[in-house]
Amino acid sequence: VGASDKDLTKEIVNFPIQTTAGNATLAVQHALFRALSPLQARSPHVIPFLNVYDAVYFDVHPDAATTLDAVLETAFEHVTERGYWAHLQEHYGYSVPLKWKVTKYS
């Protein structure tokens with residue numbers, strides 16, 4: 001079944017936004033993996049198991065929750081101050097805050 005012109009227009013307009021969100025998430029994910037790698041060797045209590053475009057999911061042992069929070073903070077700091085997001089802001093000449101949230105499931 002073919003998409004309507006209205007649906008195609010929404011997809012075209014949304015594409016740059018979703019692509020940027022996906023790229024920012026991927027940059028954060030790489031920073032997270034770099035920070036978690038030495039920790040995983042000692043105690044694998046934080047296991048990333050899924051990346052869905054603009055979200056990253058982890059299986060976290062309760063004892064490691066504060067560790068993940070600290071690593072997330074470091075990863076976002078890197079991406080926003082020195083990495084992908086910082087480069088975008090510098091390229092376009094203006095600042096846009098990168099917001100994120102952690103949702104915890106039991």
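Distance between the pseudo-spin-label points of Ala3 and Asp63 (7 Å out from Cα toward the beta carbon): 4.8 nm. Charge dipole of the chain (Cα centre as origin; +1 on each Lys and Arg Cβ, -1 on each Asp and Glu Cβ, all else neutral): 80 debye, rounded to the nearest 20. To the nearest 10, the accessible area of Ser37 is 70 Å² with a 1.4 Å probe.
Please work out the C-alpha center-to-center distance from the range 1-27 to the range 77-106 and express it in whole Å. One Cα centre to the other: 20 Å. Estimated purely from DSSP H runs of n ≥ 4, each contributing -39500 (n - 2.57), the mean residue ellipticity at 222 nm for the chain is -21000 deg cm²/dmol once divided by its residues.
Note on the chain: with neighbouring protein chains present and a 1.4 Å probe, carbon and sulfur make up 59 percent of its accessible heavy-atom surface. Among the protein heavy atoms, those of Val28 account for about 10 Å² of accessible surface (1.4 Å probe, every chain in place).
Treating r as the C-beta distance of Glu81 and Gln18 and R0 as 22 Å, the FRET efficiency rounds to 0.40. Label sites at Asn51 and Lys10, each approximated as a point 7 angstrom past Cα along Cα to Cβ, lie 2.7 nm apart. For the pair Ala70 and Tyr94, the difference between a 0.36 nm per residue extended length and the Cα-Cα distance amounts to 5.9 nm.
Karplus-based coupling profile of the range 50-62, in residue order and whole Hz: 7, 10, 10, 6, 10, 8, 10, 10, 10, 9, 10, 5, x, with θ = phi - 60° in 6.51 cos²θ - 1.76 cosθ + 1.60 and x standing for Gly or Pro.
In order along the range 86-93, the phi-based Karplus estimate (6.51 cos²θ - 1.76 cosθ + 1.60, θ = phi - 60°) of 3J(HN,Hα) comes to 4, 5, 4, 4, 5, 4, 8, x Hz; Gly and Pro are listed as x.
Please say if the chain is rounded, prolate or oblate, where rounded means a/c under 1.5 for a ≥ b ≥ c the square roots of the C-alpha gyration tensor eigenvalues, and otherwise the choice is prolate for a/b larger than b/c and oblate otherwise?
Details: a/c = 2.88, a/b = 1.57, b/c = 1.83.
Because a/c hits 1.5 or more and a/b fails to exceed b/c, the chain counts as oblate.
The values are calculated or read from the model by the stated rules, or taken from the named source; none is laboratory data. This one's a predicted model, so the numbers in the text were calculated from it and none came from an experiment. So basically every Cβ, Gly included, is an ideal-geometry build from the backbone, and we count neighbours across all protein chains shown. We work out accessible area using only protein heavy atoms, side chains counted, and drop any ligands, DNA or RNA first. Shrake-Rupley method; radii C 1.70, N 1.55, O 1.52, S 1.80 Å.
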